[in-house]
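For reference, the structure is listed below as structure tokens.
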Amino acid sequence: MARIKPRLRKILRFVPEEITDWSSRDFLAVTDKSGNEGVLIYQDTTVPFILSPRVARAGGKVSAVICDICATWRPDPESAVFTLPKGDSRSVSYLVCADLDCSLHVRGMTDAGILSRSQIHEDITPDRRQERLRERITAILT
Ligand SMILES: [Zn+2]
């Protein structure tokens, strides 16, 4: 398990009242005030992460993505780069939902989740979507 640095511990902003739908969340993301860094809590694992905006190539636009965690289709402004340290100075990045509300998207509890179904014509059950999210989170964290 990655160690949470004292500096990060100090700036984390955890306000339980602001977190909706506790029972529908497979994981929890607790961030600093800006939302740019935080910790992801999944089962008994807590890892630090950096969340940064996606950057367009020169003259180009960034395009919509499919979230690496929940497979929800997200237009550019609703996506972000999620970076996890992997020991020493290495890190690994994923394209994800900027809100990190992936658990709610797979359960069809958000507009984004509903829109995604029609964008990518995905026809699997909510149970299977939740299962896939847990498989991906496990893969990302190990
Ligand atoms: Zn997502």
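Rundown of residues vs (1) under 16 Å from the mean Cα position of the chain (by Cα); (2) surrounded by 15 or more Cβ atoms within 10 Å (Cβ to Cβ); (3) assigned to a helix (DSSP H, G or I); (4) within 13 Å of the ligand (Cβ to nearest atom), yes/no style:
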site: S89; (1), (2), (3), (4): no, no, no, no
site: Y94; (1), (2), (3), (4): yes, yes, no, yes
site: D99; (1), (2), (3), (4): yes, yes, no, yes
site: L104; (1), (2), (3), (4): yes, yes, yes, yes
site: G113; (1), (2), (3), (4): yes, yes, yes, yes
site: S118; (1), (2), (3), (4): no, no, yes, no
site: R129; (1), (2), (3), (4): yes, yes, yes, yes
site: L133; (1), (2), (3), (4): yes, yes, yes, yes
site: A139; (1), (2), (3), (4): yes, no, yes, no
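Quick check: anything in region 58-68 assigned to a strand (DSSP E or B) and within 16 Å of the ligand (Cβ to nearest atom)?
Yes, the conditions are met somewhere in region 58-68.
Taking the criterion of being buried (at least 16 other Cβ atoms within 10 Å of the Cβ), free of Cβ contacts under 8 Å to residues at least 24 places away in the same chain and within 16 Å of the ligand (Cβ to nearest atom), would at least one residue in region 13-29 satisfy it?
Yes, there is a match, as at least one residue in region 13-29 is buried (at least 16 other Cβ atoms within 10 Å of the Cβ), free of Cβ contacts under 8 Å to residues at least 24 places away in the same chain and within 16 Å of the ligand (Cβ to nearest atom).
Would you be able to tell me the number of residues in region 32-44 that are assigned to a strand (DSSP E or B), without any contact (Cβ under 8 Å) to a residue 40 or more places away in the chain and not aliphatic (A, V, I, L, M)?
The number of residues fulfilling the criteria is 2.
Does L84 satisfy the criteria of being surrounded by 18 or more Cβ atoms within 10 Å (Cβ to Cβ) and more than 9 Å from the ligand (Cβ to nearest atom)?
Judged against the criteria, L84 is not a match.
Find the residue count for region 96-142, including only residues that are touching a residue at least 60 places away in the same chain (Cβ under 8 Å) and of a type in the set (G, A, S).
1
Readers should treat all values here as calculations from the given coordinates under stated rules, not as data from a laboratory. Everything numeric in this text was worked out from a predicted model, so none of it was measured. Every residue, glycine as well, gets a Cβ built from its backbone with ideal geometry; the counts of neighbours run over all protein chains shown.
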